[in-house]
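Participant: Okay, here's the structure, questions in a sec.
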Amino acid sequence: MQIVRTPSSSRAIARTLARPVGLVPTMGALHRGHLALVERAKRENATVVASLFVNPLQFGPNEDFERYPRSFDADAAVLEAGGVDLLYAPSLERMYPPGFAARVGLDVVTAQYEGAWRPGHFGGVATVVTKLLHAIEPTSLYLGQKDVQQVAVLRALLRDLDFATNVVVVPTVREPDGLALSSRNAYLSAQERAAAPSVFRALETVAALVRSGETDRARVLAAGEALLEAPLRWDYVAVVDPKTFVPLDPLRRPGIVIGAARAGSTRLLDNVPVAGADGIDPVLTPENPRRRNLTEKPASSRSMR
Ligand code: PAF
């Protein structure tokens, strides 16, 4: 596995790689959830590129940027063993040189839920992912379902700014008791860890009620909220429109049940998609690339109109 450190060397090397190219963006502290992204990218591409960069722009002033787990050598070994061909791991100074002033912003999806709890977070994610896409120019970007609002933000970004990259969403990987894997689970105390699976149980209960045709938002959310175990506390539970993240009221399908619970200063995020009557999963089903004009036709059959 080759390791590159600058945007220009990354792009120069990436342009020589066999296509299709899958990009797995990470902030390190890798777990089985990241490996599921790498495995899927391996199956679907000739080349797999991973990036490893702890992005300060997506952390708030009182968040865990300084103490975010950093384990470069172990992470690089895991990626190499997983079959990653190229690792892009820029330093802070290369990613954001002195005077760096650009920000990528979106008018939708970024203000509510995680956007409200973490002001500036999605702008930071959109900015760094834009830079990663320029450095690698991948065919597909592999994202985990767990950060489902991030998925919606990045789908909108790639669509609206005409990136020639597909988004592939990989199902959340869970512990046997249902807790979604996250690098931040390492922060949980024994008591918080024991209560943590109640987040997923609560969201599944809400999803089951929506699937059964319940439309009363207050009653359904109260049923889910009641299932959270102490010492966890909800930041929010909601059923939202999959594209806009506007809360559904009355409830209907398709939708996404989202929730964030607090365990001390650690936040546990999870979600359960609810398919529409057509059975299409609103998170995991790929967008139709034809609608986004990403299917390359042979030059001879291209119309100039
Ligand atoms: O999901 C993450 O790990 C990060 O938000 C990402 C996409 C690597 C951007 O820093």
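Participant: For region 93-117, which residues satisfy the criterion of being in a loop (DSSP other than H, G, I, E, B), surrounded by fewer than 17 Cβ atoms within 10 Å (Cβ to Cβ) and not aromatic (Phe, Trp, Tyr)?
Facilitator: Restricting attention to region 93-117, the residues satisfying the condition of being in a loop (DSSP other than H, G, I, E, B) are 96-113.
Remaining after also requiring surrounded by fewer than 17 Cβ atoms within 10 Å (Cβ to Cβ): 97-103, 105, 107-108, 111.
Selection gives Pro97, Pro98, Gly99, Ala101, Ala102, Arg103, Gly105, Asp107, Val108, Ala111.
Participant: Continuing with the same structure: Hey, does region 101-111 have a residue that's within 21 Å of Lys243 (Cβ to Cβ), without any contact (Cβ under 8 Å) to a residue 60 or more places away in the chain and under 14 Å from the mean Cα position of the chain (by Cα)? Working first, answer last.
Facilitator: Of region 101-111, the ones within 21 Å of Lys243 (Cβ to Cβ) are 104-111.
Adding the requirement that they be without any contact (Cβ under 8 Å) to a residue 60 or more places away in the chain leaves 104-107, 110-111.
Remaining after also requiring under 14 Å from the mean Cα position of the chain (by Cα): 110.
Among the residues of region 101-111, at least one is within 21 Å of Lys243 (Cβ to Cβ), without any contact (Cβ under 8 Å) to a residue 60 or more places away in the chain and under 14 Å from the mean Cα position of the chain (by Cα), which makes the answer yes.
Participant: Which residues, taken from region 18-44, are crowded, with 22+ Cβ neighbours inside 10 Å and farther than 25 Å from Val104 by Cβ?
Facilitator: Listed by number, the residues that qualify are Leu30, Val38.
Participant: For Ser183, all conditions in the list (1) within 19 Å of the chain's Cα centre (by Cα); (2) surrounded by fewer than 20 Cβ atoms within 10 Å (Cβ to Cβ); (3) under 22 Å from Gly115 (Cβ atoms); (4) away from the ligand (no atom under 16 Å from the Cβ) hold save one; what is the number of the exception?
Facilitator: (4)
Participant: Of the conditions (1) under 16 Å from Leu269 (Cα atoms); (2) modelled with pLDDT of 95 or more, Ile136 fails just one. Which one is it?
Facilitator: In the conditions (1) under 16 Å from Leu269 (Cα atoms); (2) modelled with pLDDT of 95 or more, Ile136 misses (1) alone.
Participant: Can I ask one more? Among the residues of region 217-233, is any under 24 Å from Pro69 (Cα atoms), buried (at least 16 other Cβ atoms within 10 Å of the Cβ) and at pLDDT 95 or above?
Facilitator: There is at least one residue in region 217-233 that is under 24 Å from Pro69 (Cα atoms), buried (at least 16 other Cβ atoms within 10 Å of the Cβ) and at pLDDT 95 or above.
Participant: Can you tell me how many residues within region 142-175 are in contact with a Ser or Thr (Cβ under 6 Å, 6 or more places away or on another chain) and either more than 14 Å from the ligand (Cβ to nearest atom) or within 22 Å of Leu92 (Cα to Cα) (or both)?
Facilitator: 1
Participant: Quick check: is even one residue across region 1-12 touching a residue at least 12 places away in the same chain (Cβ under 8 Å), within 14 Å of the ligand (Cβ to nearest atom), farther than 30 Å from Glu175 by Cβ and out of contact with any Lys or Arg (no Cβ under 8 Å at 6 or more places or on another chain)?
Facilitator: no
Participant: Please state which of the following conditions Gly83 fails to meet, knowing it meets all the rest: (1) within 16 Å of the ligand (Cβ to nearest atom); (2) in contact with a strand residue (DSSP E or B) (Cβ under 7 Å, 6 or more places away or on another chain); (3) farther than 16 Å from Arg184 by Cβ.
Facilitator: (1)
Participant: Since Ser198 meets every condition but one in (1) part of a helix (DSSP H, G or I); (2) under 20 Å from Ala275 (Cα atoms); (3) hydroxyl-bearing (Ser, Thr, Tyr); (4) in contact (Cβ under 8 Å) with a residue 24 or more places away in the chain, which condition does it not meet?
Facilitator: (2)
The values are calculated or read from the model by the stated rules, or taken from the named source; none is laboratory data. Computed from a predicted structure; not experimentally measured. Neighbour counts are summed over all protein chains in view; Cβ atoms, including those assigned to glycine, are modelled from backbone coordinates with ideal geometry.
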